[in-house]
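First comes the structure, then the notes that go with it.
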Amino acid sequence: MDEKHANAHEQFFLAIRALAASADSIQLRLIRANEFILLVTIDEFEEEKELKIKFARILDYLAVDQDDLEEVAVETAAHMTDMEAAKVAGLICDFFYDLG
């Protein structure tokens, strides 16, 4: 694993575990995953534009461009359809894979 992405790798692993380890609705699992995703900053990918863009895309789907990131992300995930939430979950899994 690339040491410079160690935090992102750890947090996305925990996010995927939150998505997979529950019988709750996909929206509730995504809300739990948000707790870990929001511990990663976009600055961690400053030197790798492709990862930075992919991470920004995930944040965009979670509408995390407001003042209270956690509250907005929870509110957004809570109102997603199953299909929208599954799409974001897929992006999270793909991003984890890209981290290596």
Next on the checklist: Compute the orientation-averaged projected area for the range 1-60 from the convex hull of its Cα atoms and round it to one decimal in nm².
Outcome noted: 4.2 nm²
Item to check | C-alpha long axis of helix 6-20 to longest principal axis of the chain, angle in ° | outcome: 20 degrees
Checklist entry - For the chain, what is the accessible area per residue in Å² when the probe is 1.4 Å? => result 60 Å²
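How high is the relative contact order of the chain, given as a whole-number percent (alpha carbon pairs under 8 Å, six or more residues apart)?
It rounds to 38 percent for the chain.
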Checklist entry - Once you treat every alpha carbon in the chain as an equal point and sum by Debye, what is log10 I(q)/I(0) at q = 0.20 Å⁻¹? => result -0.96
Checklist entry - Ignoring any ligand, DNA or RNA, what whole percent of the accessible area of the range 23-100 comes from carbon and sulfur when the probe is 1.4 angstrom? => result 54 percent
Next on the checklist: Going by average Cβ density within 10 Å per residue, which order do the peptides 28-37, 89-98 take, highest to lowest?
Outcome noted: 28-37, 89-98
Checklist outcome for this item: Helix 49-61 sits off the longest principal axis of the Cα atoms of the chain, rounded to the nearest 10 on a 0 to 90 degree scale, by 20 degrees
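The values are calculated or read from the model by the stated rules, or taken from the named source; none is laboratory data. All figures in this text were calculated on a predicted structure; none of them were measured in a lab. No Cβ is skipped: glycine too gets one built from the backbone with ideal geometry, and neighbour counts run over all protein chains shown. Areas reflect the complete protein model, heavy atoms only, side chains present, ligands, DNA and RNA absent. Shrake-Rupley method; radii C 1.70, N 1.55, O 1.52, S 1.80 Å.
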